[in-house]
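The values are calculated or read from the model by the stated rules, or taken from the named source; none is laboratory data. Note that the structure is predicted; figures quoted are calculated from it, not measured. Don't worry about glycine lacking a Cβ; one is built from the backbone with ideal geometry, like all the others, and counts go over all protein chains shown.
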Amino acid sequence: MSEEFQQIVGKQSIRFSTPPAIISRCSIVGEMEGEGPLASYFDEIELDPTFGQESWELGEAEMVRRTVSKAIAKSGIATEDIRYIFGGDLQNQLVGTTFGLKEFNIPLFGLYGACSTCGESLSLAAMTVAAGYAKHVVAVTSSHYGSAEKQFRFPLEYGNQRPLSATWTVTGSGAFVLEAASKEQPLEQYPRIMGITTGKVIDYGVRDSMNMGACMAPAAADVIYQCLEDFGVKPEYFDRIVTGDLGKVGTEILLKLLRDNGYEIGKQHMDCGVEIFSNQEQDTHSGGSGCGCSAATLAGYLLNRLEAKEWHRILFVPTGALLSPISFNEGESIPGIAHAVIIETCKGDK
């Protein structure tokens, strides 16, 4: 069997024979995220919620521009040597991404996987460089509290009361520069994407837009289960199994669904939405959400732990709720999707 077909694993997974490396990363967040427990891990904390622009939407575009610019600068790669960008956000028609990246003059794949977009962008970026279609690519994801709340819930001026199941959209962006490795240059000094499991759309009929954790947990459970089955490993194979933004409510559902299917992940599991805010000091109810939540947490905190050799291997599982204002207002249910990315560092002394 050829090397290409040996990379196909199980029903939904890929194991990269030459794993792509994450050679650079950048995370930029807003003021509230900068007051949380992960503040010291972010590259930049912006106190101006509009990032010096005239609207929430343009502010998010500026955040994306800065994040990608800094990630490329940290990599030492010339901008003209970046072949593709894979990016997305929560705004209609991805205007945060497109307006933020238009000046780079780099071919762009605009992606929408709701809050799972970071997993989608990393997966496609890794597949692209592993297949030899590019030497260097960028994956970027963002969300903004002001623009997302206005689009999906209520304008901030409305001041509506939020139920305890609701999450708080993170103002944040994470960008990653991936480089193609080779047998001659395996790039083992960097965190590498060893494999991926692509998720399916899972719909349990939940219709509560103020309980995104319940909408997304079944999709997270499905892709984690399939990843473990496809690769033939147990949860303890990973130092951490990290979901994107299930929050406290969704986490409880996830653990029960996997337990019912024979997998106990409680010791390994953590959720970016739970970690990014302080439950005692910040009133975010169930936790953080938005596709910038998992992106900024990965670019800031999670990869730092891997590079410090505190962890060797994580399963990164951003989670997304697939709704639009139109589908919700027409009474449709809110399906979920999640994508799993296996990220490793070579073992060594801490």
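Taking Lys256 as the residue in question, decide whether it is part of a helix (DSSP H, G or I) and touching a Ser or Thr at 6+ places or on another chain (Cβ under 7 Å). Answer is no for this residue.
Among the residues of region 233-253, write down those that are outside any loop (DSSP other than H, G, I, E, B), at pLDDT below 95 and in contact with a Ser or Thr (Cβ under 8 Å, 6 or more places away or on another chain). Matches in region 233-253: Gly247, Lys248, Val249, Gly250, Thr251.
Among the residues of region 51-110, just one is of a type in the set (A, V, I, L, M) and on the phi > 0 side of the Ramachandran plot, namely Leu94. Residues that are in contact with a His (Cβ under 7 Å, 6 or more places away or on another chain) and hydrophobic (A, V, I, L, M, F, W, C) are absent from region 199-220 altogether. Looking only at region 133-161, residues that are farther than 18 Å from Ala321 by Cα, of a type in the set (D, E, K, R) and either modelled with pLDDT under 95 or in contact with a Ser or Thr (Cβ under 6 Å, 6 or more places away or on another chain) (or both) come to 1 in all.
Count of region 259-281 residues, restricted to those that are in a loop (DSSP other than H, G, I, E, B), surrounded by 13 or more Cβ atoms within 10 Å (Cβ to Cβ) and at pLDDT below 95, is 4.
Taking helices (runs of 4 or more DSSP H) as the structural unit, those lying wholly within region 25-117 and holding at least 2 residues that are among the aliphatic types (A, V, I, L, M) correspond to 56-75, 95-101. Residues in region 319-331 that are modelled with pLDDT of 90 or more and either assigned to a loop (DSSP other than H, G, I, E, B) or among the hydrophobic types (A, V, I, L, M, F, W, C) (or both): Leu322 only. For Thr284, the conditions (1) modelled with pLDDT of 90 or more; (2) part of a loop (DSSP other than H, G, I, E, B); (3) β-branched (Val, Ile, Thr) are fulfilled apart from (1). Can you say whether Glu120 is surrounded by 22 or more Cβ atoms within 10 Å (Cβ to Cβ), acidic (Asp, Glu) and either in contact (Cβ under 8 Å) with a residue 24 or more places away in the chain or outside any helix (DSSP H, G or I) (or both), as far as the supplied structure shows? Taking the combined requirement at face value, the residue satisfies it. Taken together, Leu298, Leu228, Leu303 contain a single residue that is over 16 Å from the mean Cα position of the chain (by Cα), aliphatic (A, V, I, L, M), modelled with pLDDT of 90 or more and surrounded by 15 or more Cβ atoms within 10 Å (Cβ to Cβ), which is Leu228.
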